[in-house]
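The values are calculated or read from the model by the stated rules, or taken from the named source; none is laboratory data. Nothing here was measured: the structure is a model prediction, and the numbers come from that model. Here the Cβ positions follow ideal geometry from the backbone for every residue, glycine too, while neighbour counts run over all protein chains shown. What goes into the accessible areas is simple: the full protein's heavy atoms, side chains included, and nothing from ligands, DNA or RNA. Shrake-Rupley method; radii C 1.70, N 1.55, O 1.52, S 1.80 Å.
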Amino acid sequence: TTVPERPSEEHVALVSALPCCTIAGMSNMKLCCYQGFWLPEGLVPPAAALQRRFEPRPSDVIVASLPKCGTTWLVALAFATLARRAHPPGAGDHPLRRLNPHQCLPFLEGLFISGLEGKLDALPSPRLMNTHMPLAMIPGAVPADGAGGGCRVVYICREPKDMVVSLWHYFRRVYPDLEFSEVFDIACDGTMPWGPFWDHILGYWRASVARPENVLFLRYEELLRDPAENVRRLARFVGLPFSAAEEEDGVVRGIVELCSLDSLRGMEVNKAGYVDTRIKFPREALFRKGVAGDWKSHMTPEMACRMDDIVADKLRGTGLAF
Ligand code: A3P
C-alpha cells in the first residue's frame, strides 16, 4: 500500500474537515472518516482524486478487497491468469518469481497520489489493478442498473473473524505491543482501516447481485476449498476462458501451484523488503498461515458471538451470510 510521504495543501484542507482517529497502540496510523469509510489519512486525497478523474475502460479488471482477505493471493492469481499467454505459469522467468505480487500491477488509489495519475492513463489495455477502496468510491466501474458499460471487478471477501485475526497478526509485525482486543474492537465498531467492513463487503455484494457481468464476488474460503475452479471462474469472468488445450496442458494447475501460499512464500523476493514505504510492513508478513477458522485460537466464545451478531445484524435481508 503506497501512501504519500508529504501532505499537500489539498490534503491538509480535505483532512482537517473530517473526523479522524488514531488506533490505540498504532501511533502513526491515523484514519479519517471519508464518505462513511475510515481511510488511512494519506489515502483521503487520492480517494477524492480517484472519484474526480478515474475513467474506467471496458477492458479494465480491478481486484478489490479489504486488507487481509486474500488480496495478495487473488492479485497473483489474476495476474497469472491474465498474463498466461505472455508468461506461462511454468516459465522460470515468470514475473511472480522475481516480483512480489503487488509489484505486478498498480494499486489504483496509489496512482491518484498527486503527480502519478499519468501512469494510469499510460497503461496499455487491458489494465489490471487492485484497490481497497469501497465500490462507491470508484465511480463508473459498475454503472447503475440498466446502464451499459463499466469494467470488471473481482472482489474477495473473507469470514470476518478470520479477517480480524489476520489483521492483528499483520499489524503486530510493526506494533508488537498491540493487543488483539484493540483490533477486535475497531473491527466491531467499524473504525478499522477501510471499515466498516460490513459496508465495504455489502457495496460489492449488492453490485454483484445487480450486475453479475461487472462484479465477480469471491470468498477466501471457497478459494481454499477449490482454487482451480475459482481460477476458471475468474478467467471466464474476464473473458479469457481456458481452452481445452490449456486444460490438457495443465495451465490451470500451473497457475494454482505458482500462486500457492508455499510457492509465493518460498520466493526470495517475498522473503525480504517491505510492502509499503511508510509503515514498513515486511513482505513476508503477507504470507502467514492461510487457513479458515484461525479465529478459534484467538477469540473467546463471547467475542466470537459478538462479532457473529454484528455480522448477522448488518447482513440481514441482503442474501449474504458468513
Ligand atoms: P492469514 O493471516 O490468516 O494467514 P491479504 O493479502 O489481503 O493481506 O491477506 C493476507 C492473508 O492471506 C493471510 O492470511 C495470508 O496468509 C493469506 N495468503 C496470502 N497468500 C496466500 C496464498 N497464496 N494462498 C492462501 N492464502 C494466502
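Overview of values
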{"quantity": "Leading residue by the ranking (surrounded by the most Cβ atoms within 10 Å (Cβ to Cβ)) among those in the stretch 298-310 that are in a helix (DSSP H, G or I) and touching a residue at least 24 places away in the same chain (Cβ under 8 Å)", "calculated": "MET307"}
{"quantity": "Options ARG211, ARG173, ARG219, ARG158; residue that is in contact (Cβ under 8 Å) with a residue 12 or more places away in the chain and away from the ligand (no atom under 13 Å from the Cβ)", "calculated": "ARG211"}
{"quantity": "Breaking point among (1) without any contact (Cβ under 8 Å) to a residue 24 or more places away in the chain; (2) in contact with a Pro (Cβ under 9 Å, 6 or more places away or on another chain), for ASP313", "calculated": "(2)"}
{"quantity": "Looking only at the stretch 252-280, and only at residues there that are near the ligand (Cβ under 9 Å from one of its atoms) and part of a loop (DSSP other than H, G, I, E, B), the one that is least open to solvent (accessible area, probe 1.4 Å)", "calculated": "CYS259"}
{"quantity": "Output for the stretch 281-295, where each listed residue is in a helix (DSSP H, G or I) and open to solvent by 60 Å² or more (accessible area, probe 1.4 Å)", "calculated": "GLU284"}
{"quantity": "Matching option when the condition is within 19 Å of the chain's Cα centre (by Cα), of a type outside the set (Lys, Arg), at pLDDT below 95 and more than 22 Å from VAL231 (Cβ to Cβ), among GLY42, GLY115, GLY36", "calculated": "GLY42"}
{"quantity": "Candidate set: the stretch 51-66, residues that are modelled with pLDDT of 95 or more and open to solvent by less than 20 Å² (accessible area, probe 1.4 Å); chosen: the one nearest to the chain's Cα centre (by Cα)", "calculated": "SER65"}
